[in-house]
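> My structure is below; once you've seen it, I'll send some questions.
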Amino acid sequence: MYNKRNLFIIILFGFIVGFVITTGLKPSISRTDDKVTSNKKTLEKSYFKNVHYFRSTNLRPEFELLATELNITNNTLLHFQDPEGSFLSEGKKVHYSATKGFMNQSHRILRLDGAVQAFDDTADYVSEHLVYNGNSDIIRASGSVSSQFVNKKTLDVVKVKSERLTSFLKQEKLILLGDVSGKIIRKRRYESGLDFSAQKVVVKSLESLMELSKSVKIYRSNYRLSAESAEIFLENYNKKLKYYVLYDDVKLEEKLKLKNGNFETRRAYAEKLEGHRRSGKIVLTGAPRVEQGGDIIKGYQITLRENVELVEVDDSQSSFKLKRND
């Protein structure tokens with residue numbers, strides 16, 4: 001009898017404990033399910049055709065888009081086809097067009113792909129891909145990049161091709177990378193420009209300065225110049241100041257017309273070369289050496305003039321082989 005009563009008490013106790021545990025877990029499970037459900041946010045999607053879309057901040061126009069198709073997710077992510085439009089950067093309006101594009105409004109990122117064109121009042125860019133960061137006001141372009149800009153001080157036009165481009169709109173600075181080649185076209189058509197190539201070119205518009213580096217080549221009139229780095233001072237074209245400077249392993253080649261009408265090649269080597277456009281002078285320093293016909297000329301500083309046979313040598317340590325046919 002005693003054992004049966006103990007057994008009954010044990011069974012009853014076990015039942016009560018099980019009931020309490022089961023009852024206590026149900027709210028917990030329910031709350032967990034509610035939490036899982038609440039974490040699954042519903043995506044809000046909208047689709048438009050032939051749309052004209054505006055965005056403004058503090059009643060100030062910031063972004064404009066015309067597109068044949070527009071998909072908007074959560075009022076933040078925009079995917080569009082055949083876009084045309086503009087965005088505002090530092091008070092300057094930049095116009096664009098492409099095959100397709102994407103915009104993240106929260107991060108102010110605009111990406112354009114396929115036959116991209118972008119331009120403002122002083123510059124334009126053509127490429128396969130372009131990304132604009134509205135927070136930093138930086139444009140990055142890649143894929144067959146072709147760009148053109150006008151120097152505000154001289155109104156020279158600079159046309160450049162490269163593999164990649166980064167434009168810092170606030171600083172009015174361009175960085176071009178990868179097989180860069182281009183030309184400078186003077187405002188006055190009768191003034192000669194020059195062609196150039198390098199692996200990297202930095203354009204500082206506010207300073208009217210171009211910096212070239214790695215496998216630099218400059219072609220102007222009869223001159224063919226090469227070096228490891230160079231600077232071109234766009235504002236100095238018609239001044240007495242230097243117009244361009246080449247540094248490190250400088251080589252010059254000029255097709256020189258002699259007084260008798262014949263032509264010969266003049267070659268020069270130095271560590272530094274300064275070109276003065278107004279006077280037509282080329283100043284060589286850093287162990288300069290000139291080979292002209294059969295002559296070898298050395299000195300601490302050598303000055304050449306375009307299409308002039310005369311060579312000016314300072315502190316001469318020269319050796320000459322005169323084999324000239326007059």
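> Provide the net charge surrounding residue 98, with neighbours chosen by a C-beta distance below 11 Å and charges set as Lys +1, Arg +1, Asp -1, Glu -1.
Every neighbour counted, the sum reads -2.
> Let me ask something else. Sorting check: for 125-131, 43-49, which peptide has the highest mean count of neighbouring beta carbons within 10 Å, and how do the rest follow?
My ranking of the peptides, most packed first, is 125-131, 43-49.
> Moving on. Taking all protein chains as present, what is the carbon and sulfur share of the accessible area of the stretch 215-326, in % to the nearest whole number, probe 1.4 Å?
Reported share for carbon and sulfur atoms: 44 percent.
> Quote the accessible area belonging to residue 55 in square angstrom, nearest 10, computed with a 1.4 Å probe and with ligands, DNA and RNA left uncounted.
Roll a 1.4 Å probe over it and residue 55 shows about 50 Å².
> Could you compute the net charge surrounding residue 238? Neighbours are other residues with a C-beta less than 10 Å from the C-beta of residue 238; K and R count +1, D and E count -1.
+4
> At a 1.4 Å probe radius, which order do 179, 124, 137 fall into by accessible area, largest first?
179, 124, 137
> What does the accessible area of residue 278 come to, in Å² to the nearest 10, when a probe of 1.4 Å is used?
Its accessible surface works out to 150 Å², give or take rounding.
> Amide H to amide H under 5 Å from residue 194: which residues, 5+ apart in sequence or cross-chain, H placed 1.01 Å off N in plane?
Residues meeting the criterion, in which the H sits 1.01 Å from N, are 184.
> Under the definition of Cα pairs under 8 Å and six or more residues apart, what whole-number percent is the relative contact order of the stretch 99-234?
14
> Additional query: So which chymotrypsin sites (Phe, Trp or Tyr not before Pro) in the stretch 154-238 are both in a DSSP loop and have at most 10 other Cβ atoms within 10 Å of their Cβ?
Sites meeting the loop and neighbour criteria: 190.
> Ok, one more. Can you list the equivalent-ellipsoid semi-axes of the stretch 50-92, largest first and in whole Å, using the square root of 5 times each Cα gyration tensor eigenvalue?
Over the Cα atoms of the stretch 50-92, the semi-axes work out to 19, 13, 8 Å.
> Continuing with the same structure: Let me check something: with ligands and nucleic acids excluded, how do 191, 211 order by accessible area (1.4 Å probe), largest to smallest?
211, 191
> Which value in Å does the Kirkwood hydrodynamic radius of the stretch 81-122 take, with 1/r averaged over all unlike C-alpha pairs and then inverted?
Computed over Cα pairs of the stretch 81-122, the Kirkwood hydrodynamic radius comes out at 10.8 Å.
> Around residue 83, under 11 Å between beta carbons, what's the net of Lys plus Arg minus Asp minus Glu among the other residues?
Neighbour charge sum, excluding residue 83 itself: -3.
> Separate question: Can you give me the orientation-averaged projected area of the convex hull built on the Cα atoms of the stretch 151-269, in nm²?
Over every viewing direction, the Cα hull of the stretch 151-269 projects on average to 8.3 nm².
The values are calculated or read from the model by the stated rules, or taken from the named source; none is laboratory data. Everything numeric in this text was worked out from a predicted model, so none of it was measured. Neighbour counts run over all protein chains shown; Cβ positions are idealised from the backbone, glycine included. For the accessible areas, the whole protein counts, side chains as well, though only heavy atoms, and no ligand, DNA or RNA atoms are used. Shrake-Rupley method; radii C 1.70, N 1.55, O 1.52, S 1.80 Å.
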